[in-house]
C-alpha cells in the first residue's frame, strides 16, 4: 500500500513489511458442537490459599458456612484476591479472618484451575494460587458471621474422610 509520501528508498514494498498484516493468523474455523457461554454468564476469580501444617503434620482446614454454595465442605484457609491486592496479602487477610491466625506466607506450591457452574447458571473459572504457610501465631478460632463456621487441624487420613472441596482433594493427592 502506498502512502502520499511514497515508499522510502530501499523499503520493502511487497506487503510484508512493518505495519502490514495478513488477514488472520488463525486457520479456518472448524465446526463444533460446543456452545459458548454468553459473556454475562462467565466469571473469573483469582484466589490464594495456604497449606499450613502443625508440628504433627496435621493440615489446617476451614468449613464453609451454611450460607455458601459449598456449605459443609472443608477447604484450605484463604480466598479471593481483591482488586489491587497482592495474593500473599490476600492470603494473610483471609487466614486471619477465617482462623484468627497471623501467618508468614511461604513459597508458591502450585496453581490450580477449575470451572464449575454456580446455582444461578454462571460459569465460574477459579484460578487458585496455593502457598505454603511457613509459620503462624495466634489462637485458633472460627470466623464469626463470615464464610466459615469451623476451623481445625486434621491428619491427612482424617481429611480424606471429610467432605472436602475438590481442589483440597487435589492438594492432598499431590502431597503438598
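Since every read-out is calculated from the coordinates, none of them should be taken as a lab result. Quick caveat, the model's predicted, so the values are computed rather than measured. All Cβ positions, even for glycine, are placed from backbone atoms using ideal geometry, and neighbour counts span all protein chains on display.
Here are the numbers for the structure shown:
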read-out	value
Using a Förster distance of 25 Å, the FRET efficiency for residue 153-residue 42 (Cβ separation, nearest 0.05)	0.10
Region 41-174 - share of DSSP beta bridges that are antiparallel (%, nearest 5)	70 percent
Semi-axis lengths (Å, descending) of the ellipsoid that matches the C-alpha gyration tensor of region 41-174	22, 17, 15
Protection proxy ranking of 85-97, 158-170 - average other beta-carbon atoms within 10 Å, highest first	85-97, 158-170
Amide N proximity, region 138-176 versus residue 67 label position 7 Å along Cα-to-Cβ, cut-off under 12 Å	144-149
Computed Rg/Rh of region 114-169, alpha carbon atoms with Kirkwood Rh	1.01
Over region 54-98 - Rg/Rh using Cα atoms and the Kirkwood inverse-distance radius	1.04
